[in-house]
Amino acid sequence: MLTKIREKTKGTFAWGILIVICVPFALMGLNNYTDNVKEGGVVIVGDTEFSRYDVNQAYEQFKQQYAEMQVPEVILKQQAVEKLISDELLLQHVISEQLNISDATVREFIASLQYFQKDGKFNKQQYQSVLGTQGMSTAQFVNRVRKALLMEQFQKAVTESSFVPKQELAQFFKIQNQTRSIEYSTVKVILVKNQPSQEELEAYYAVHANEYQTEEQVSIEYIKLSLSDLMSSVTTSDEQINTYYEENLALYSKKERRKISHILFAKTKETTLGQALEKAKSAKLRLAKEKFAVLAKELSDDSLTAKVGGDLGLFEIGVMEANFEKVAAELALGEVSEPVESAFGYHIITVTELVPAVTKPLDEVISDVKLAVQRAEAEVAFYELGESLTELSFENSDNLQVVAETLDLPLQNSKLFSRQLGSGIAEDDKIRNMAFSESVLQGNNSEPVELGDDALVIVRVLKHLPAKTKSLASVKSSIILAIQAKQAKEIALANAEKLKQQLLAGVAFKDAVKTQKLKVKSLKDLARNNSDLTWQVNQAVFKAAKPVEGAATIIVVASTEGEQTIVKLISVTEGSTEGEAEKEKLAAMNIASALGKADYAAVIDGIRVNTAVSVRQQ
């Protein structure tokens, strides 16, 4: 589990850090994160101190990445702190080494962020507006981006420099492509019917009480800031609607569709520009009686388009030379141009398909325009209220009533729900995860929870029902079944161990199983990816030691249901890389990646050795 967490946290720093910087309201306390620490540091890395709030912020952001993994909170907290430390160690190192990254790279990255784009392109006004809502100057933001990109650059320099020697790769395939031959038999679990005594019931109940508990439940009160709710309260004027429509005509327009064909008379070593012009004029005269496509196939020096009657497809401004485009854009449907000069020679152009540009009148799209105006107005209010909601919730961390009254937002309640299941707003696992977080269970307001792109929620616990142990009487029937299942598994294991000892003593497999009336099966040349065995048995078979003369390899493997499989390893055949060129290439990449990650971890450990790092108990 820890391995999965560590692997998942080694994404690119640029995206990992900038998602936090750019997503509205994920930045509560951003200034606190770097500039305005008001309490003593609970994590100290070199000269940098992180407050309790900083650490909680890091944890909440870290936790949302692993909601689906059901990782214990204590482990997530430890890993969040470790990531905070390792990132800071790296940042301090790249700064101390005076590493640099070009201004052009920083600009290109910022321009690629969707938060700063309109219609798929970087928009300076949007850029300044988003940064303004976070109280951040462009200089501050550029500095953060530069640091993030430097960290990513350094990490890649380490992780992408590893390689795998051929002999190591050969050894890998020698093991990976290994095959094994076995004999095996399975001892089934046969349910016992003996009724356990009262003493046995009580003893089992005392040891396994944690398995017989009610679900922990909470109910919450919450404030939900919704973009759709804000939109419904926005009133629009005719002036706003008209202005938006005029400024966004492209949204309500269809561009002209113009398809063109041409015949090229190329200027070559053998053909002068003047000769090409004479050929074009001659062809223009022939077009009075002949079809354009037929003549293009016969005369055009553009061999690719000649095959399709000179078809150049849909006409787009900016693809061809300016002179060519000017003529092509002015032709009527079916009209044939006079010879047009270009760097290639002379062209005759015609329009084969023409659908004029159309802009829908305002009265046809007024409902869409009104909705867009409402959304634009509501988004501004959403960002401003979201910032206020975050600040007020933090400043009044022991209640939501003040927040609700100040912002005139309704304070709502949920029904009881568990960690795994809820109704209403608790259907969302983000809400459930936040409600059961340590900080919220301790009576604090939560960090803002983003539900999609258009809702922000703050929660606090209204009622908490801890898990409690059920009475013995209420779970007696379950305990009887559990004891009987345990006894059945123990009997199966004992029988399997008896068989193992017989096989180790040299008794033939077919003879050893007779007393238990079991069957022996044989499998030859098993590959690791075989489907003949369960994964537990297959894994154990390929982990088992090679048999040596006079000492058989016998293993017993239990299934999750308690069945016991006795395996005798007969032989092992080493693998090879013959015919595995593609797999060999992929394996080399994967192994190099793993080595690169290990090298990077070693580098961070080395930096840490020379840096004072301390973590206070929280």
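The values are calculated or read from the model by the stated rules, or taken from the named source; none is laboratory data. Since the structure is predicted, the reported quantities are computational estimates derived from the model, not experimental observations. Neighbour counts are summed over all protein chains in view; Cβ atoms, including those assigned to glycine, are modelled from backbone coordinates with ideal geometry. For the accessible areas, the whole protein counts, side chains as well, though only heavy atoms, and no ligand, DNA or RNA atoms are used. Shrake-Rupley method; radii C 1.70, N 1.55, O 1.52, S 1.80 Å.
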Determine the sum of side-chain charges near Ile555: Lys and Arg each +1, Asp and Glu each -1, restricted to other residues whose C-beta is under 13 angstrom from that of Ile555.
+3
Compute the relative contact order of the chain as a whole-number percentage, counting only Cα pairs closer than 8 Å that sit 6 or more residues apart in sequence.
25 percent
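Sort the following peptides by mean Cβ neighbour count (other Cβ atoms within 10 Å, averaged over residues), highest first: 375-385, 240-250. Each step should come with its number before you reach the end.
On the way: 375-385: 16.7, 240-250: 13.6.
Per-residue Cβ counts within 10 Å, averaged per peptide and sorted highest first, yield 375-385, 240-250.
Could you calculate the contour length gain from Glu97 to Ser477, that is, 0.36 nm times the residue separation minus the distance between their Cα atoms, to one decimal place in nm? Walk me through the numbers on the way to the answer.
Working: separation 380, 0.36 × 380 = 136.80 nm, distance 6.76 nm.
Extra length available between Glu97 and Ser477 comes to 130.0 nm.
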Please compute the length gained on full extension between Val609 and Val74, using 0.36 nm multiplied by the number of residues separating them and subtracting their Cα-Cα distance.
190.1 nm
Just to check I understand the Karplus step: with θ = phi - 60° and J = 6.51 cos²θ - 1.76 cosθ + 1.60, what whole-Hz values come out for segment 378-383, glycine and proline as x?
5, 5, 4, 5, 4, 5
Test of the criteria: in segment 249-284, which GluC sites (Glu not before Pro) are in a DSSP loop and have at most 16 other Cβ atoms within 10 angstrom of their Cβ?
Glu256, Glu270
Quote the accessible area belonging to Thr560 in square angstrom, nearest 10, computed with a 1.4 Å probe and with ligands, DNA and RNA left uncounted.
100 Å²
Once all protein chains are kept in place, Phe122 shows an accessible area at probe 1.4 Å, nearest 10 Å², of 90 Å²
I'd like the Karplus ³J(HN,Hα) series for segment 84-91: coefficients 6.51, -1.76, 1.60, θ = phi - 60°, whole numbers in Hz, and an x wherever there's a Gly or Pro.
4, 5, 5, 5, 5, 4, 5, 4
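Leaving out ligands and nucleic acids, and using a 1.4 Å probe, what accessible area per residue does the chain come to in Å²? Intermediate values should be presented prior to the final figure.
Working: 35650 Å² over 618 residues.
Accessible surface, normalised per residue, equals 58 Å².
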Using θ = phi - 60° and the Karplus curve 6.51 cos²θ - 1.76 cosθ + 1.60, what whole-Hz ³J(HN,Hα) does each residue of segment 493-502 get, with Gly and Pro shown as x?
5, 4, 5, 5, 5, 5, 5, 4, 5, 5
Hey, rough spin-label estimate for Arg257 and Lys193, points 7 angstrom out along Cα→Cβ, what's it come to in nanometres?
7.8 nm
Take the alpha carbon atoms of segment 278-312, find their center, do the same for segment 149-176, and report the distance between the two centers in whole angstrom.
57 Å
What is the gain in length, in nm to one decimal, between Leu462 and Asn323 on full extension, counting 0.36 nm per residue of separation less the C-alpha to C-alpha distance?
42.7 nm
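Hey, could you get me the Stokes-Einstein D for segment 162-274, Kirkwood radius over alpha-carbon pairs, 4 °C and 1.567 mPa s, rounded to whole µm² s⁻¹? Don't skip to the end; give the middle numbers.
Numbers: Rh = 28.5 Å.
My calculation gives 45 µm²/s for D.
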If you roll a 1.4 Å probe over the chain with all protein chains in place, what percent of the accessible area is carbon or sulfur?
52 percent
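For Arg432, Arg52, what's the largest-to-smallest order of accessible area, 1.4 Å probe? Don't skip to the end; give the middle numbers.
Numbers: Arg432 30, Arg52 85 Å².
I get Arg52, Arg432, largest accessible area first.
Classify segment 51-132 as rounded, prolate or oblate from the Cα gyration tensor: take a ≥ b ≥ c as the square roots of its eigenvalues, call it rounded if a/c is under 1.5, otherwise prolate when a/b beats b/c and oblate if not.
Working: a/c = 2.64, a/b = 1.48, b/c = 1.78.
Oblate is the answer for segment 51-132, as a/c is 1.5 or above yet b/c matches or exceeds a/b.
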The correct ranking of Met589, Met320, Met136 by accessible area at 1.4 Å, largest first, is Met589, Met320, Met136
Given H placed 1.01 Å from N in the peptide plane, which residues other than close sequence neighbours of Leu462 have an amide H under 5 Å from its amide H?
Ser219, Ile220, Glu221
At a Förster distance of 22 Å, what's the computed FRET efficiency of Thr268 paired with Leu314, Cβ-Cβ distance as r, to 0.05?
0.15
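Sum up the charges of everything whose Cβ sits under 11 Å from the Cβ of Gln564, counting Lys and Arg as +1 and Asp and Glu as -1, but leave Gln564 out.
Numbers: positive: Lys188, Lys489, Lys498, Lys500; negative: Glu490, Glu497, Glu561, Glu563.
Surrounding charge for Gln564 is 0.
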Give me the distance between the Cα centres of segment 459-523 and segment 574-618, rounded to whole Å.
39 Å
Can you give me the distance in nm between label points at Glu405 and Ala111, each placed 7 Å from the Cα along the Cα-to-Cβ direction?
5.2 nm
Tell me, what is the 1.4 Å probe accessible area of Leu131, in Å² to the nearest 10?
10 Å²
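Sort Leu456, Leu299 by heavy-atom solvent-accessible area, probe 1.4 angstrom, most to least. Spell out each step's value before the answer.
Values: Leu456 0, Leu299 45 Å².
Highest to lowest solvent-accessible surface, that is Leu299, Leu456.
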Between segment 184-235 and segment 372-451, how many Å separate their Cα centres?
26 Å
